[in-house]
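Everything below concerns the one structure shown next.
The values are calculated or read from the model by the stated rules, or taken from the named source; none is laboratory data. Given the structure is predicted, the values throughout are model-derived calculations rather than measurements. Cβ placement follows ideal geometry from the backbone for every residue including glycine, while neighbour counts extend to all protein chains displayed.
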Amino acid sequence: MGVPSRPVENNGASSKNAIPGLTCLVCGDSSSGKHYGILACNGCSGFFKRSVRRRLIYRCQAGSGHCVIDKAHRNQCQACRLKKCLQMGMNKDAVQNERQPRNSATLRPEILAEMDHERIIREAAAADNVYETAARLLFMAVKWAKSLPSFAGLPFRDQVILLEESWSELFLICAIQFCLPMDNNPLFSLAHFNQPHSATLGCGNGVTRFRVVAVDPAEFACLKAIILFKSETRGLKDPIQVENLQDQAQVMLNQHIRNQQPQRPARFGRLLLTLPLLRHVTAHRLEQLYFRHTIGSTPMEKVLCDMYKN
């Protein structure tokens, strides 16, 4: 059996508005009436709506394509659940034609960015020194990743592997975003370190480049998602889904640019070219510069795992 996907709702949640005698054709739970053409519970109808609106692509965790979908097991395989929704007659067009409420839970770049940027500034600014600032920025980067439903829906081991692979770039881009409004950024000041100057010069150049491009909060959020979802990362259980999520992040970034700055079609490429700057300083060097002072000999992988669980 494959690793269960993170539940998208509690098993009892769909019974809240259930009508006695009606059962969901997908999972057999109590139904609250017709949804997208068939009798369904709130859980399955909500899952179907999210899957269609976000154009999510799932892969069977067991590899068979024939997982049992009932009330007890409906959250274990999203691919087979969506397949059964369609087999039972749920209509994709009904979702597309449905008016989305203004307070829809669908994450647009602007909403995601506002949540992320405000937390970064508030949390990091309260730190007493460079090392505490760095620790808070890393914690916020991990917390941001954890808050993404698409990330939390991946197999848990994939979540851990992706964080271990991308933490240094996520930390740097969060640090750059934090330092952009400052004329003299303390986080990248050479005076704080007894290290060769070359160790931090790359960070300063990164700040300058991001400032020249004038990256906005929504673009920062999309770039972080592109960094996080690396399908080429070794050891992934579901690399196809990770690749799909990275594609979605790029589409979201491109769409945001078209909406906000249609007169600058080359901006999408310029933003993607900022990402290699984040790899100029290695993860090992960042660990030595910013975190060894506080974590000692504790492996970075354990620190990340503890942050993710908290």
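Worth a mention:
- Selection status of S15, at pLDDT below 75, in contact with an Asp or Glu (Cβ under 8 Å, 6 or more places away or on another chain) and among the hydroxyl-bearing types (S, T, Y): yes
- In the range 48-60, the qualifying residues are those that are assigned to a loop (DSSP other than H, G, I, E, B) and under 20 Å from the mean Cα position of the chain (by Cα), and the one that is surrounded by the fewest Cβ atoms within 10 Å (Cβ to Cβ) is R55.
- Selection count where residues are assigned to a loop (DSSP other than H, G, I, E, B) and of a type outside the set (D, E), scope the range 222-246: 8
- Test: residue in the range 207-222 that is assigned by TED's automatic domain parsing to the domain that holds A134, hydroxyl-bearing (S, T, Y) and at pLDDT 85 or above: no
- Counted residues, the range 280-300 - those being exposed (fewer than 13 other Cβ atoms within 10 Å of the Cβ) and assigned to a helix (DSSP H, G or I): 1
- Among residues of the range 269-278, those that are surrounded by 14 or more Cβ atoms within 10 Å (Cβ to Cβ) and in a helix (DSSP H, G or I), counted: 5
- Residue count for the range 235-254 under the criterion of being more than 16 Å from I57 (Cβ to Cβ) and free of Cβ contacts under 8 Å to residues at least 24 places away in the same chain: the result is 1.
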